[in-house]
Amino acid sequence: MELSKFELGGTRIKQSDISKGNVLTLAVTPKLEYAWDDGVAIGRYLEELGNGKIIARKCNKCGRIMLPPRMFCELCWRATDEWVYCEDTGTVNTFSLCHVNWDASRIPEGEPLHLPAVIHIDGASPGMGILHVLGEVEPDKIKIGMKVRAVWKKPDEREGSITDITHFKPVRAARKKSKKKSGGGR
Amino acid sequence: MGQKVAIVGAGITKFVSRAQETGKELAWQASKMALDSCGLTLNDMESVSLGSAPDAFDGVHMKGEYLRDGSGGWRKPYMRHFVGGGTGVFAPIHGWFHVASGMFDTCLVVCSEKMSSVYPHPQGAFTTIFDHTTEQALDPTLIWIFALEYNRYMETYGLTKADIAPVSVKNKKNAMDHPSAQLPGEITVEDVLNSELLAWPVNRLDISPASDGAAAIVLAGEHAAKRITDKPIWIEGVGWSLDTAYWATRDLSYPRHVEKSARMAYDMAGIREPRREIEIAEPYDPFTYKELHHMEGLLLANRGEAPQLLADGVTQRDGDRPMCPSGGLLGVGNPISAAGLMKVIEIFLQLRGEADKRQVPGNPTCGLAQAWGDLMQVSTVVVLKR
């Protein structure tokens, strides 16, 4: 049954076929809103972010100190045991320099790129990374293995969200700045 | 196990950026072609299985029910399955459950996808795959996770973008011989490297397109298959595996869940030396690096060495281990579930010697198709034999 022996379906149309009315469409915006409960583990995680701290959860069976924290260990399949504070520093495991917004629109020329990274947090078990963004760094200076530190919102601006950390910046730059702006962090 | 299961017919539409047809109409076109290809009618189908990607693309809740009439599922045992990007290769596995169990002798397996309905771009529909509390607040876009994985893969093995870009060159060229192809073409490595940079290290020509399209296959049990065709292609091994959703805690340089799914399928098919026994493969290639990453996870290349096989021409259609002879997602297109089933259909046609200009030499007898998805965490594999 070679494909060449069949007339294949699927008729390609263009955006202009729609705008000119050659093909009719019905445009609809769904009206949906959600309020997501944070749950037990992430609830505490967010609460501590509001305090300027990163907290993990430890499983005493496998010994993993897990980020994001969870009330059950998915490997040992048992309840986790204790809360453990981590550092607000870490290592860049991988990163991207992103020119695209969530909806595939492009970031205009001259505006800052999105700099997502997987950051392995100090004090959690090796390999425990979180997704966050980098900042206060030239994109071409970012390297895998780079040490970074969380940059926190001011305490009264925090709301118990992952965005209470505005970004992570290279540790060396953090030291210089922290002399000028002491007390701005934790 | 109740009985052996074979693929006996196949159908596919063109893959296009936007189809005039609805998802139902595309499903109907592919399903009808699949039945026609083996001289059967819908009355011969005892069960129907449908695969389709997230409802968010269509904005239709319960898409399985919506697509049901086009897929021939009325008043029959009918079920929709969905495992993200892995759906298209889970489709034959899902159909296999129905027939291998002995419950049914035939099953029509359909995958239909219409990604063009959602505005401004299907990428937006993907944002809710990220954790709603700890990740979505960072305003992520889908490409992030692939860019992050791509970068980690390069770093771990000391690779460059130029080592990986030839996947796009090969697959788009292969797609020139596929009648469904959306983005076939002759391009160079420089074209890939100079195409628009979306999220370093991912350029535009590193990515497969969003597409509309459908595909379908007909499955039959051992005795029924031999009555229907003298060229049944047997499903000898199936495997699937899902890794943690805490994706940032995984080793992004190596897809361990792909290895798990492959080993499951190899064990079932009695394959001990995949590099010798798997003569052709369709590893999932939504991004250039994924074909290489998946070859390694499928144990068809040593870790970090798939790019060398690519450079040596081993994975070309006339090479020792052809990969994506169809043209893959990069060339044929990526209507998610239908793209995975397109890969299964390609191996089916190759093993029957019916792949037209795409036919790999040497009368292959054993091939593999694989798909992958979710938060880079699910892998589905089928091993097919003549």
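The values are calculated or read from the model by the stated rules, or taken from the named source; none is laboratory data. What you see is a predicted model; the values in this text were computed from it and never measured. Cβ: placed from backbone, ideal geometry, glycine included. Neighbour counts: every protein chain shown. Just so you know, the surface numbers come from the protein's heavy atoms only, side chains and all, with ligands and any DNA or RNA stripped out. Shrake-Rupley method; radii C 1.70, N 1.55, O 1.52, S 1.80 Å.
A few comments on the model shown:
- Residue selected from segment B:162-187 under the condition assigned to a helix (DSSP H, G or I) and within 13 Å of chain A (Cβ to nearest Cβ), by the criterion least open to solvent (accessible area, probe 1.4 Å): B:Ala175
- Selection count, segment B:233-248, where residues are surrounded by fewer than 23 Cβ atoms within 10 Å (Cβ to Cβ) and either within 14 Å of chain A (Cβ to nearest Cβ) or assigned to a loop (DSSP other than H, G, I, E, B) (or both): 6
- Residue check for A:Glu47: in contact (Cβ under 8 Å) with a residue 24 or more places away in the chain and exposed (fewer than 15 other Cβ atoms within 10 Å of the Cβ): yes
- Selection over segment A:1-33 of residues that are among the charged types (D, E, K, R) and open to solvent by less than 100 Å² (accessible area, probe 1.4 Å) gives a count of 2.
- Qualifying positions in segment A:85-101 - more than 23 Å from B:Val202 (Cβ to Cβ) and surrounded by fewer than 17 Cβ atoms within 10 Å (Cβ to Cβ): A:Tyr85, A:Glu87
- Taking the criterion of being over 20 Å from the mean Cα position of the chain (by Cα) and not in a loop (DSSP other than H, G, I, E, B), the residues of segment B:148-161 that qualify are B:Leu148, B:Asn151, B:Arg152, B:Tyr153, B:Met154, B:Glu155, B:Thr156, B:Tyr157, B:Lys161.
- Considered as a group, the residues in segment B:274-295 that are among the acidic types (Asp, Glu) and within 22 Å of B:Trp144 (Cβ to Cβ) include one that is surrounded by the fewest Cβ atoms within 10 Å (Cβ to Cβ), and that residue is B:Glu291.
- Test result for B:Lys260, within 14 Å of chain A (Cβ to nearest Cβ), surrounded by fewer than 20 Cβ atoms within 10 Å (Cβ to Cβ) and of a type outside the set (Gly, Ala, Ser): no
- So B:Leu375, is it at positive phi, assigned to a loop (DSSP other than H, G, I, E, B) and in contact with a helix residue (DSSP H, G or I) (Cβ under 9 Å, 6 or more places away or on another chain): no
- Residue match in segment A:99-112 (condition: over 27 Å from B:Phe57 (Cα atoms) and facing chain B (nearest Cβ under 7 Å)): no
- Filter result (part of a strand (DSSP E or B) and open to solvent by less than 20 Å² (accessible area, probe 1.4 Å)) within segment A:106-123: A:Pro116, A:Ala117, A:Val118, A:Ile119, A:Ile121
- Selection within segment B:296-320: residues that are over 21 Å from the mean Cα position of the chain (by Cα) and of a type in the set (S, T, N, Q). The member of this set that is most open to solvent (accessible area, probe 1.4 Å) is B:Gln308.
- Within segment A:20-70, the set of residues being among the β-branched types (Val, Ile, Thr) and either assigned to a loop (DSSP other than H, G, I, E, B) or facing another protein chain (nearest Cβ under 10 Å) (or both) comprises A:Val23, A:Thr25, A:Val28, A:Thr29, A:Ile42.
- One residue stands out in segment B:1-19 among those that are touching a strand residue (DSSP E or B) at 6+ places or on another chain (Cβ under 8 Å) and open to solvent by 60 Å² or more (accessible area, probe 1.4 Å): the one that is farthest from the other protein chains (Cβ to nearest Cβ), namely B:Lys4.
- Only one of B:Ala225, B:Ala147 that is in contact (Cβ under 8 Å) with a residue 40 or more places away in the chain, over 25 Å from A:Gly9 (Cβ atoms), facing another protein chain (nearest Cβ under 8 Å) and of a type in the set (Gly, Ala, Ser): B:Ala147
- Segment B:139-161, residues that are open to solvent by 20 Å² or more (accessible area, probe 1.4 Å), modelled with pLDDT under 95 and touching a strand residue (DSSP E or B) at 6+ places or on another chain (Cβ under 8 Å): B:Asp139
- Every pair of residues 6+ apart whose Cβ atoms lie under 6 Å, when the first sits in segment A:151-171 and is within 14 Å of chain B (Cβ to nearest Cβ) and in a loop (DSSP other than H, G, I, E, B) while the second is open to solvent by less than 40 Å² (accessible area, probe 1.4 Å) and not hydroxyl-bearing (Ser, Thr, Tyr): A:Lys153/A:Asp164; A:Arg158/A:Gly50; A:Arg158/A:Asp164; A:Gly160/A:Leu46; A:Gly160/A:Gly50
- B:Gly124, sole failed condition from (1) small (Gly, Ala, Ser); (2) within 29 Å of B:Gly59 (Cα to Cα); (3) open to solvent by 30 Å² or more (accessible area, probe 1.4 Å): (3)
- Restricting attention to segment B:188-215, the residues being open to solvent by less than 10 Å² (accessible area, probe 1.4 Å), hydrophobic (A, V, I, L, M, F, W, C) and away from chain A (no Cβ under 11 Å) number 1.
- Failed item, numbered, when B:Ser112 is tested on (1) within 12 Å of chain A (Cβ to nearest Cβ); (2) surrounded by 19 or more Cβ atoms within 10 Å (Cβ to Cβ); (3) closer than 22 Å to B:Phe287 by Cβ: (3)
- Scanning segment A:1-16 for residues that are assigned to a helix (DSSP H, G or I) and either facing chain B (nearest Cβ under 8 Å) or touching a residue at least 40 places away in the same chain (Cβ under 8 Å) (or both) gives A:Leu3, A:Ser4, A:Gln15.
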